[in-house]
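Have a look at the structure below before the remarks.
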Amino acid sequence: MSRAVAAVLAVTLAVAASAQTPPVSYNPAVTFEPFHRSGVYAAGETVGWTLRAPLGLGPQRFRYVIRENNMAVLDTGTIDLKSGVGTIRSRLDHPGMLSVRLTPLEGGEPIDTSQLTAQERDRLTVAAAVAPLSLKPGAARPVDFDAFWAGKLAELGRIPINPVLEPAVTAEPGVALSTVTLDSVGGHVRGYLAAPTKAGKYPALVIFQYAGVYPLVPETATARAAEGWLTFNVDSHDMAPTEATAPRNYAQVGAESRETSYFLNMYLRDTRALDYIRSRPDWDGRTIVLMGTSMGGQQSLVTAGLNPDRVTAVLVNVPSGALTNGDLHGAKAGYPNWDVSNPAIARAALYFDPVNFASRIRAPVLAGVGFLDEVSPPVGIFTALAQIPGAKEPVAMIESDHNHITPQKEGDYYRRSREVLDEIRRTGRFVPRRDWTEPQP
């Protein structure tokens, strides 16, 4: 254990009422009750959970591993729940994430859990955040970061938008749907635009896409337009929204250079989408909300950083891409899963990391954070939020993995994002709640 980490583990067990023979079948019936319902603790504070297991149902002895930021092992041991209850305690003296993973034992040997689903494995995992809005990135922001992006935006600005709209069919009453093509650096912006047919000026909602190569769903745009939004659903790739023709390995294309990374033109296309919205006569001239999940959240944070004076609010769920160099600095990174053991990739990645755009964001940010997420690790999301100088509201989803794995655990974000969108349409602004606060040491 490093000197920087004060990790103290105590396992408290109730006295066993009677001996139990572990069954051969496996049922991950353990439940965790956090000491803090929020899952958030101050640096140096005791972090812990009460574990409960139904008597006689499934294994009752477990091996545990406690990690910091899904990397450094802070402690290991065995916990016996044959009495039905026990506690695990730990402590971290600086900002970070703590996670505990259990492996069931039978006769002192681990039970094979390799065939479990991700949801079943999540039932044996728990995590907590320690002073998360005080996190700092391990890798320094490149000294020419601002100059690099200023040059790229200037290049984009020299290209006319040249919008081409083609009517598309929608069954949504009161909504007009079009496919859109815009000129951008190295190619085109594509997507669906949905607008209310009633004459007027409307707030704009720009939606960015999660990772993958797939046709866009028109209803994503038309449903929002029916609520009164001028909605642009932007494809992450230069392909028609009805197509799925981009390279499947796009995240790794050109990754060794900031000049060739696939994400360079993707991010510039995202800004071009804002250029277009601002040019439309049916935009209200005030409100542009960016929204996205996973890689769509990544694009939303980056676009807000590149356009600090042009964005009203940012709503992101489990945004990916943060702490791209985390593996070199004690924090396991997630998507885009760049191989930062290659120094060229490590250097280039920093120019596309949302953490390095975050200090430029002026709009208020709502962000859903899944504490069990390894695709968009919570330490990266919290680090990005910590760099935002303005208002932000994390939604701590302490039992949630990535959105496609445990969507049923992300209701708090979905409800809150709905409230925020309604608030913006009514008032033109989003004021983050102040009741999400970190406990003080």
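Between Phe35 and Arg426, the distance separating the two model label sites (each 7 Å from Cα on the Cα→Cβ line) works out to 3.9 nm. When each of the peptides 224-230, 322-328 is scored by the mean number of other C-beta atoms lying within 10 Å of its residues, the order from highest to lowest reads 322-328, 224-230. Put simply, when 153-162, 58-67, 96-105, 231-240 are sorted by average Cβ atoms within 10 angstrom per residue, most first, you get 231-240, 96-105, 58-67, 153-162. With the simple model of a label 7 Å out from the Cα in the direction of the Cβ, Phe148 to Glu259 spans 1.3 nm. Estimated purely from DSSP H runs of n ≥ 4, each contributing -39500 (n - 2.57), the mean residue ellipticity at 222 nm for the chain is -6500 deg cm²/dmol once divided by its residues. Length available on full extension from Thr87 to Thr242: 0.36 nm per residue minus the Cα-Cα distance, which gives 50.6 nm. Expressed to the nearest 5 percent, the antiparallel share of DSSP beta bridges inside region 145-427 is 45 percent. What percent does the relative contact order of the chain come to when contacts are Cα pairs within less than 8 Å and at least six residues apart? Rounded, it is 13 percent for the chain.
With the cut-off at under 20 Å, measuring from each backbone N in region 234-264 to a point 7 Å along the Cα-to-Cβ line of Ala344 picks out 249-264.
Bear in mind that the values in this text are calculations on the coordinates, not laboratory data. What you are looking at is a predicted structure, and each value in this text was computed from that prediction instead of being measured. Cβ atoms come from the backbone with ideal geometry, glycine included; neighbour counts cover every protein chain shown.
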